[in-house]
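Novice: Once you've had a glance at the structure underneath, I'll fire off some questions.
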Amino acid sequence: MRAEHEVSGTGGASAPEPRREDGCAKGGPEPRPEDGPKGGAERGPAAAAARSRRFPTVTQDTARPEGGGRAIPGAVSAPARQWPMLSVLAATAVGLLTTAVGQPRIGCLVIGVALIAAAVMRRVLPSVGMLAVRSRFTDMITYGVLGVAITLLALVMEPKPWLEIPFLESAVRFTVR
């Protein structure tokens, strides 16, 4: 039962390629005798992927980020498996509470150090659970840059900054004038 299409002579457009019974385009790879009547479909998706090098038209799933698996095997309770993410969240919560009770410099330092620790964990640990959001490199850069920026802002915070950056005062005066 082959579907035959004719090429129309109007407008220069051609009809889609005719298809065989197994759904492949006519002239495409012929099924081998050892594949059986379904053309290898009973072997699973690996056989279908080996036949075609085209990207699928519909994406079935997304890939997990590198290191996005469980940090501890599945026999352990769920919170313990996500200890890297929970440790960063706990440190951030401590930093926010410290800021809320009137110590903004200490609180921002704790938050910045928590983000730097997240970048280090993302680099060192093979599996960090939900702390893995993007690729390993992107996560490390994102956590590291944000952590360093928050830490530096906490160190130069007024009044009485703990870190003096020579050009910062003149830059602020120039922009605020």
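The values are calculated or read from the model by the stated rules, or taken from the named source; none is laboratory data. Keep in mind it's a predicted model, so treat the numbers as computed, not measured. Backbone-built Cβ (ideal geometry, glycine too); neighbour counts: all protein chains shown.
Novice: Give just the number: which of (1) basic (Lys, Arg); (2) part of a helix (DSSP H, G or I); (3) at pLDDT below 70 does residue 105 not satisfy?
Specialist: Residue 105 satisfies every listed condition except (3).
Novice: Does the range 154-164 contain any residue that is surrounded by 12 or more Cβ atoms within 10 Å (Cβ to Cβ), within 30 Å of residue 79 (Cβ to Cβ) and not small (Gly, Ala, Ser)?
Specialist: no
Novice: Name the one entry in 75, 71, 49, 63 that is out of contact with any Lys or Arg (no Cβ under 8 Å at 6 or more places or on another chain), surrounded by 10 or more Cβ atoms within 10 Å (Cβ to Cβ) and either at pLDDT below 70 or not polar (S, T, N, Q) (or both). Explain how you work it out, then say what you get.
Specialist: Values: 75 fails: surrounded by 10 or more Cβ atoms within 10 Å (Cβ to Cβ); 71 fails: out of contact with any Lys or Arg (no Cβ under 8 Å at 6 or more places or on another chain); 63 fails: surrounded by 10 or more Cβ atoms within 10 Å (Cβ to Cβ).
The unique qualifying residue is 49.
Novice: Would you tally the residues in the range 73-102 being part of a helix (DSSP H, G or I) and not hydrophobic (A, V, I, L, M, F, W, C)? Give the steps one after another, and end with the answer.
Specialist: As a first pass, look at the range 73-102 and keep what is part of a helix (DSSP H, G or I): 78-81, 83-100.
Now restrict to residues that are not hydrophobic (A, V, I, L, M, F, W, C): 79, 81, 84, 87, 92, 95, 98-99.
Adding up the residues that qualify gives 8.
Novice: Test residue 116 against the criterion of being at pLDDT 95 or above, touching a helix residue (DSSP H, G or I) at 6+ places or on another chain (Cβ under 6 Å) and either in a helix (DSSP H, G or I) or closer than 28 Å to residue 64 by Cβ (or both), and give yes or no.
Specialist: On the way: at pLDDT 95 or above: yes; touching a helix residue (DSSP H, G or I) at 6+ places or on another chain (Cβ under 6 Å): yes; either in a helix (DSSP H, G or I) or closer than 28 Å to residue 64 by Cβ (or both): yes.
In short, yes.
Novice: Only residues that are surrounded by 21 or more Cβ atoms within 10 Å (Cβ to Cβ) and either outside the structural domain of residue 162 (by TED's automatic domain parsing) or under 21 Å from residue 162 (Cβ atoms) (or both): list them for the range 110-139, please.
Specialist: 110, 111, 112, 114, 115
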